[in-house]
Each structure stands twice: as structure tokens, then as C-alpha cells.
Amino acid sequence: TLRATYNPNSPKPPVQEVRRTATNWQITPTRRRWLSIMSDDKDAQGEGDEVEQQEVLASMGDRNEESTSPVSMVRWRGHLVSEKEAKILKHVFDDMQDHFGNRKCESPNIKFNFDPSLFLCKNEPYTYRSHPDPTPRDRWHGELDFTYTINHETYNMDYIAIDNVYFDLNPKYDGEGKQIKDYGHSWIYVYVPDEVMSKVKQYFYTGTGWSPSDEGLADDLNAELVSIPAKIYPAPNPEPSFWTRDVEDRANLSFTRVGSVQSVAKDADYQKIHRGIGVFAMSADVPGRENRKPTPDYEDAQLMFTLISARTFGPAIAVAPVVYAPRLRSPAS
């Protein structure tokens, strides 16, 4: 059955009103490199020249700068990565292991990590979000990273994958009937099964000790779906990729890149809801004081999602999009 979620309020992007537009986002070299890896495959082969190797080393934020041991590098889908990075990429994206919402994996071997800090000054680089203006003094923010356990070894990555989600590429309109320009450019709705979102919240609580709030999320009890306003990086950052399944290759689960989410959202042929696998980065905000770090004992954390890649199986004809307040006709006088 179709669902029609009615929201009587005007839609807002997935950030507080004090945020600037997403085009002002500044991201670290490490995140920029990972976004590029997720964005598209490359035809490059071989070990790479010294310049490319140095760029990879410079962007490996968790590498000990004083270490003199060489880093073995390999190609993953044409991108030069370390051997350890290749293992986690293959595990999650090629072998599709430890995905939330996958019936073959009831308990992903993932630990959520979160350590909030005060917002930085708006003149300093900030990793994932636009600079607050004015800078809030009562919000602490942290980017999540995830520890995967594979064959008794641990690997850290900034992403999780969630299966059987729905990407809403339908244009959105406000209460005045005007199209929302930011929709499909800096954010879109992603609908996640309620039981899957509950598991993500459970993992967040177990790994971090923080209780997740429902702020920013909307439950559709009839459809058993949760609506997430997911951020998407616009250019000049590497834009999130949109892939479709290769229907001719029935023996393997393979996908072909169509374009960025932003470019596909402008194409009338794709302006519908698509079912697929979402790759997300996550962050969280918690209330607190400027001179005192908040603790999980007293405050809940607001979860936020950034879509990195969408791998789709086709349109979802049985799911209806979120509908915002239509203009009501004036009664006849």
C-alpha cells in the first residue's frame, strides 16, 4: 500500500536554522579522499607513482607521522589504498558484509565511537558540516567512526551501510507551492525500516553510552518507516554517487554508476523513490555548556546522517513520498 506522510510545517534542511548553506562545507583531506573513493571507480592500475603515494599517506589521518615503516598499497576499484583499507572496503562494499538491514547479518560486527567537542570558530576548518553562524555555545558536536571486527582483527572506517532503504528523489515544494531548491542539492529524504533504525540506535547506545533522541527523525507508523533528512555533499566536494543494478548480470550483484545524486535528481526519469543500499557517515549533536563537556548521564544525542553512496535496485512503487503542506483552497464566499 502507498503511504502519504503529511507534515503541516514547512520543510527544513537537516541542520539547525543557524547553519549556513551546504556549499560552505569544508572537509579534511582524509574525508575528501574517501569521498572520491566512494564516488566512482577508476581505470588506474599498478602501484602508483611517488606523488600519488605521498598524497595517500598525507591523507591517512590515523597514521603515526613518526612511523618509518613502509605502508603496503594496492588498488581497490582503481583507487590507491593501503592494504588494510582495501580489506575493509572489500568486506563492506564488495562482499556486502556487516550491513544493517541485511537478513543474512542480524548482528553486524561494528562498534560505534563518538566523542563530542565544541563547535570550532567559523573561521577555522570544520570537517563535515557548514560553519555555524552564529556559533552556538550550547551545542557539542562529534563525528562518528566505526570499528569493524573481521576475522578477529579490527578496522576503523567512517561509514556504515544500510540495506533496503528508500531514496526519495521526487522534487519537494513548500506551502506556497515553490520548489525547494536545496532538496536534491544539499539534502534528500531517505526512508529506513523502523526495526533497522532501532538497531542502529541500539548500536549507538551500546558503543557510546549516549541515548539517541528522535529529534530530526519522523516515524511513519503505518508504513513502519523512519524518514531521515540525509545531508549530501555538493560540489566542489566529491558528490555522492548514484548506482543502478546491472539487470543483465543476474549471477552477480553488480552496479553501474549513473552519476551523482545531484545530477540524477534533476533527471525527470529518476524523480521517484528508489530502493537500495545506502552508505552513510554519521554525526551527533548534544546540548551542553561552553565550559563543561556534556556526559551521557544527563543528555541525549541527536543523530544525523550524510549520504555517501546510493546503490539502487529500481523504483519502489509501493512507497509514497513525504508530502508537505499543500496550499488550502479558500472557501467560496
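The values are calculated or read from the model by the stated rules, or taken from the named source; none is laboratory data. Everything numeric in this text was worked out from a predicted model, so none of it was measured. Quick reminder, even Gly has a Cβ in these numbers, built from the backbone with ideal geometry, and neighbours come from all protein chains shown. Side chains are part of the model used for accessible areas, which takes the heavy atoms of the whole protein and leaves out ligands, DNA and RNA. Shrake-Rupley method; radii C 1.70, N 1.55, O 1.52, S 1.80 Å.
Brief remarks follow.
Each row is one residue, and each column tells you yes or no for (1) farther than 30 Å from Arg33 by Cβ; (2) free of Cβ contacts under 8 Å to residues at least 24 places away in the same chain.
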site	(1), (2)
Ser227	yes, no
Ala230	no, no
Arg245	no, no
Arg292	yes, yes
Ala318	yes, no
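- In the range 195-217, the residue that is nearest to the chain's Cα centre (by Cα) out of those that are within 23 Å of Arg275 (Cβ to Cβ) and surrounded by fewer than 14 Cβ atoms within 10 Å (Cβ to Cβ) is Ser198.
- Inside the range 193-221, residues that are in contact with a Lys or Arg (Cβ under 6 Å, 6 or more places away or on another chain) and under 24 Å from Pro321 (Cα atoms) make up a count of 1.
- Close contacts from the range 72-83, counting a first residue that is in a strand (DSSP E or B) and polar (S, T, N, Q) and a second that is at pLDDT below 85 and open to solvent by 50 Å² or more (accessible area, probe 1.4 Å), with Cβ to Cβ under 7 Å and a gap of 6+ residues or different chains, come to Ser82/Ser72.
- For first residues located in the range 90-109 and over 10 Å from Ile277 (Cβ atoms), partners that are of a type in the set (Ser, Thr, Tyr) and assigned to a loop (DSSP other than H, G, I, E, B) and lie 6+ apart or on another chain with Cβ distances below 8 Å form the pairs Val92/Tyr159.
- Taking the range 98-108 as the range and being surrounded by fewer than 18 Cβ atoms within 10 Å (Cβ to Cβ) and within 19 Å of the chain's Cα centre (by Cα) as the test, only Asn102 passes.
- Scanning the range 218-234 for residues that are modelled with pLDDT of 85 or more and open to solvent by 50 Å² or more (accessible area, probe 1.4 Å) yields Asp219, Glu224.
- Some residue of the range 70-91 being under 21 Å from Ser254 (Cα atoms), open to solvent by 20 Å² or more (accessible area, probe 1.4 Å), modelled with pLDDT of 90 or more and not charged (D, E, K, R): yes
- Strands (runs of 3 or more DSSP E) completely within the range 140-202 that count 2 or more residues being touching a strand residue (DSSP E or B) at 6+ places or on another chain (Cβ under 9 Å) and of a type in the set (S, T, N, Q): 145-150, 153-157
- Test: residue in the range 242-255 that is modelled with pLDDT under 90, touching an Asp or Glu at 6+ places or on another chain (Cβ under 6 Å) and not in a helix (DSSP H, G or I): yes
- Screening the candidates Gly278, Gly259 for the property of being in contact (Cβ under 8 Å) with a residue 24 or more places away in the chain, open to solvent by less than 10 Å² (accessible area, probe 1.4 Å) and within 27 Å of Lys90 (Cα to Cα) yields one hit, Gly278.
- Restricting attention to the range 134-157 and to residues that are surrounded by 15 or more Cβ atoms within 10 Å (Cβ to Cβ) and modelled with pLDDT of 90 or more, the residue that is farthest from the chain's Cα centre (by Cα) turns out to be Ile150.
- Residues satisfying the stated conditions in the range 181-217, i.e. modelled with pLDDT under 90 and of a type in the set (A, V, I, L, M, F, W, C): Leu217
- Of the residues examined, Gln271 is not one that is over 17 Å from Asn170 (Cα atoms) and open to solvent by 10 Å² or more (accessible area, probe 1.4 Å).
- Enumeration of residues in the range 273-292 that are at pLDDT 95 or above and either assigned to a loop (DSSP other than H, G, I, E, B) or basic (Lys, Arg) (or both): Arg275
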